[in-house]
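Before any comments, here is the structure.
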Amino acid sequence: MEARSKRTYNIPAEATIEVIGGKWKMLILCHLTYGPKRTSELKKAMPGITQKMLTQQLRELEDDGIIIRTVYNQVPPKVVYELSEIGESLSGVLDQLCEWGEAFIQGRLSRGRKEGSIRE
């Protein structure tokens, strides 16, 4: 894949989607807004993600400077992930996306009640 620092984008949204897009990255970031988490804590919070996918997504977020990975020298090994300063700058955006999602869910539920059915 082309290095992101050398890539050009047609619009800024392309960079945003490249860095935090996909099924899992925003969920990982949302969980990390509540504080540092171990890999096992993230896995437990997202039961649908495989260990391989979680590891891949964490690596990509770390490579992009969005999260920080800290390895503690102890037995058993302890690895903790947290938002970097750049990652922290996403907190407001993530909050707004969560609010939008809640409104969307509530709108679907209320429309479903009016129409007599709810699709899930």
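For region 1-9, the criterion of being of a type in the set (Val, Ile, Thr), surrounded by fewer than 15 Cβ atoms within 10 Å (Cβ to Cβ), on the phi < 0 side of the Ramachandran plot and without any contact (Cβ under 8 Å) to a residue 12 or more places away in the chain is met by at least one residue. Take the conditions in contact (Cβ under 8 Å) with a residue 60 or more places away in the chain, touching a Leu at 6+ places or on another chain (Cβ under 7 Å) and not in a loop (DSSP other than H, G, I, E, B) and apply them to Leu29. Does it pass? Here the answer is yes, as Leu29 does meet what is asked.
Looking at Glu102, Glu41, Glu60, Glu82, just one residue is acidic (Asp, Glu) and touching a Leu at 6+ places or on another chain (Cβ under 7 Å), and that residue is Glu82.
One residue stands out among those in region 33-46 that are without any contact (Cβ under 8 Å) to a residue 12 or more places away in the chain, outside any loop (DSSP other than H, G, I, E, B) and not basic (Lys, Arg): the one that is surrounded by the most Cβ atoms within 10 Å (Cβ to Cβ), which is Glu41.
Yes or no, residue by residue, for (1) at pLDDT 90 or above; (2) in contact with a strand residue (DSSP E or B) (Cβ under 6 Å, 6 or more places away or on another chain); (3) part of a loop (DSSP other than H, G, I, E, B); (4) among the aromatic types (Phe, Trp, Tyr):
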residue: Gln74; (1), (2), (3), (4): yes, no, yes, no
residue: Tyr81; (1), (2), (3), (4): yes, yes, no, yes
residue: Gly87; (1), (2), (3), (4): yes, yes, no, no
residue: Leu94; (1), (2), (3), (4): yes, no, no, no
residue: Glu99; (1), (2), (3), (4): yes, no, no, no
residue: Glu102; (1), (2), (3), (4): yes, no, no, no
residue: Gln106; (1), (2), (3), (4): no, no, no, no
residue: Arg113; (1), (2), (3), (4): no, no, no, no
residue: Ser117; (1), (2), (3), (4): no, no, yes, no
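Picking from residues in region 54-95 that are under 19 Å from Ile20 (Cα atoms) and polar (S, T, N, Q), the one that is surrounded by the most Cβ atoms within 10 Å (Cβ to Cβ) is Gln57.
May I ask you to verify whether Ile49 is without any contact (Cβ under 8 Å) to a residue 60 or more places away in the chain, surrounded by 15 or more Cβ atoms within 10 Å (Cβ to Cβ) and in contact with a strand residue (DSSP E or B) (Cβ under 6 Å, 6 or more places away or on another chain)? Talk me through it step by step, then tell me what you get.
Details: without any contact (Cβ under 8 Å) to a residue 60 or more places away in the chain: yes; surrounded by 15 or more Cβ atoms within 10 Å (Cβ to Cβ): yes; in contact with a strand residue (DSSP E or B) (Cβ under 6 Å, 6 or more places away or on another chain): no.
No; evaluated as a whole, the condition is false for this residue.
The values are calculated or read from the model by the stated rules, or taken from the named source; none is laboratory data. Given the structure is predicted, the values throughout are model-derived calculations rather than measurements. Here the Cβ is made from the backbone with ideal geometry for all residues, glycine too, and neighbour counts use every protein chain on show.
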